[in-house]
Amino acid sequence: MIDFAATKAEFRLPKGVIYLDGNSLGPLPERAMKRAQQTIQSEWGEMLIRAWNLAGWMDQPRRVGDKIAPLIGAEAGTVVMGDTLSIKMYQALAAALAMRPGRKIVLSDDGNFPTDLYMAKGLIDTLARGHVLQTVPPEAVEDAIDESVAALMLTHVDYGSGRMHNMARLTEKAHAVGALAIWDLAHSAGATTVDLAGCRADFAAGCTYKYLNGGPGAPAFIYVRPEHIDQTRPALSGWLGHEAPFDFVLDYRPARGIERMRVGTPPVVQMSMLEAALEIWEGIDMASLRARSVELSELFIREVEARCPMLALASPRDPAMRGSQVSFRFEHGYAAMQALIARGVIGDFRAPYRMRFGFAPLYIDEGDVRRAVDILARVLADRAWDRLEYKRREAVT
């Protein structure tokens with residue numbers, strides 16, 4: 001059993017705030033703040049450059065990757081940290097295309113997070129070898145997988161609606177026709193059960209500032225299936241992915257194992273905060289966490305539909321097809337979300353009409369859900385959203 005009251009106490013949550021936006025940025029763990037202070041004062045401050053060895057900074061990307069591996073069903077030694085999710089997806093796709101030189105199709109869906117599609121198109125344009133990015137509706141992906149596909153590139157849980165692909169089935173279909181499967185776990189890691197090893201996924205990447213609570217700008221991770229690692233060609237052949245970076249030779253020789261997917265100098269302070277945040281996950285059973293997330297999101301849907309009839313569910317109704325977030329459609333969704341935030345319930349908005357709410361059981365409980373719906377119902381009944389200050393669009397929505 002997970003003691004959710006104990007995990008909630010691990011986070012610094014402002015008094016009076018119900019935080020339903022961990023699917024965008026996780027809250028601050030108390031221990032992460034302490035670890036940042038330790039890294040800055042005791043390690044950087046006292047050890048100076050010696051901290052790369054004495055404090056284990058050089059090994060940190062692999063060490064932290066091994067902490068994330070159990071949360072995504074990955075084998076030890078198959079996950080490494082560094083850079084951004086966009087860069088890691090670029091690396092994964094470049095490696096996959098190199099492994100399937102005779103094929104030209106990169107298959108994705110039109111609900112994918114735009115940056116993945118941007119990076120894919122940029123890579124294709126750079127390669128200039130006739131590759132094509134093909135996007136289809138999410139429900140049409142399975143039928144579109146054929147022998148022309150080099151790589152299937154999908155986001156496991158859709159950022160807008162929370163719709164969740166069947167990773168096992170789609171990966172199996174890709175393999176049956178000789179394609180490789182790449183998964184973006186941005187809205188999955190720490191939110192739902194993932195079994196990369198069991199599904200035999202080829203590559204995966206994800207960010208750590210959402211459900212893993214690593215803080216804004218926390219580094220991304222990349223996973224490579226064990227049998228691919230030593231044949232994977234790093235598209236970004238950076239210094240720290242070299243076999244012997246401190247030999248300073250001029251020719252690039254990729255490191256053995258997952259270390260070859262490192263690129264540049266890791267953000268040590270940020271990664272140290274993430275490493276501390278991941279301590280909260282020790283002993284957490286992802287199946288139990290997932291079950292609790294479903295309970296909370298189902299409660300939220302029932303209460304909203306009963307009390308806020310002007311909102312329309314924009315997420316799959318079946319929880320088995322949904323991640324740990326719920327979206328509702330409302331014509332005045334942006335203004336309504338701003339009014340809600342002003343009253344202490346923080347969610348977010350995604351154009352054109354979606355109000356998003358994330359359910360992270362480590363710090364959200366049933367009481368939070370019921371109070372959030374109480375406030376939402378009042379905002380809508382009173383038309384509190386119909387004020388100029390709530391309609392003024394901010395840079396981040």
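The values are calculated or read from the model by the stated rules, or taken from the named source; none is laboratory data. All of these numbers come straight from a predicted model, not from anything done at the bench. Heads up, the Cβs are rebuilt from the backbone with ideal geometry, glycines too, and the neighbour counts pull from every protein chain shown. The accessibility values were calculated without ligands, DNA or RNA, using every heavy atom of the protein model including side chains. Shrake-Rupley method; radii C 1.70, N 1.55, O 1.52, S 1.80 Å.
For the range 34-59, the tally of residues that are open to solvent by less than 70 Å² (accessible area, probe 1.4 Å) and either under 30 Å from residue 359 (Cβ atoms) or at pLDDT below 95 (or both) stands at 2.
A quick yes/no check of all residues on (1) open to solvent by less than 40 Å² (accessible area, probe 1.4 Å); (2) charged (D, E, K, R); (3) more than 19 Å from the chain's Cα centre (by Cα):
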position	(1), (2), (3)
132	no, no, yes
154	yes, no, no
178	yes, no, yes
183	yes, no, no
199	yes, no, no
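Does residue 169 meet the test of being in contact with a helix residue (DSSP H, G or I) (Cβ under 9 Å, 6 or more places away or on another chain) and in a helix (DSSP H, G or I)? Taking the combined requirement at face value, the residue satisfies it. So, residue 322, is that one open to solvent by less than 10 Å² (accessible area, probe 1.4 Å) and charged (D, E, K, R) or not? Judged against the criteria, residue 322 is a match.
If you go through the range 101-109 one residue at a time, do you hit one that is touching a Cys at 6+ places or on another chain (Cβ under 6 Å), modelled with pLDDT of 95 or more and surrounded by fewer than 22 Cβ atoms within 10 Å (Cβ to Cβ)? Scanning the range 101-109 turns up no residue that is touching a Cys at 6+ places or on another chain (Cβ under 6 Å), modelled with pLDDT of 95 or more and surrounded by fewer than 22 Cβ atoms within 10 Å (Cβ to Cβ). Of all residue pairs spaced 6 or more apart or on separate chains, those with beta-carbon atoms under 6 Å, a first member in the range 272-295 that is free of Cβ contacts under 8 Å to residues at least 40 places away in the same chain and a second member that is open to solvent by 10 Å² or more (accessible area, probe 1.4 Å) and assigned to a helix (DSSP H, G or I) are 294/319.
Against the numbered list (1) open to solvent by less than 20 Å² (accessible area, probe 1.4 Å); (2) charged (D, E, K, R); (3) on the phi > 0 side of the Ramachandran plot, residue 88 comes up short only at (3).
The single residue among 298, 305 that is open to solvent by 10 Å² or more (accessible area, probe 1.4 Å), within 20 Å of residue 361 (Cβ to Cβ) and over 19 Å from the mean Cα position of the chain (by Cα) turns out to be 298.
How do the strands (runs of 3 or more DSSP E) wholly within the range 292-397 filter down when requiring 2 or more residues that are of a type in the set (Ser, Thr, Tyr), modelled with pLDDT of 95 or more and more than 24 Å from residue 211 (Cβ to Cβ): which remain?
none
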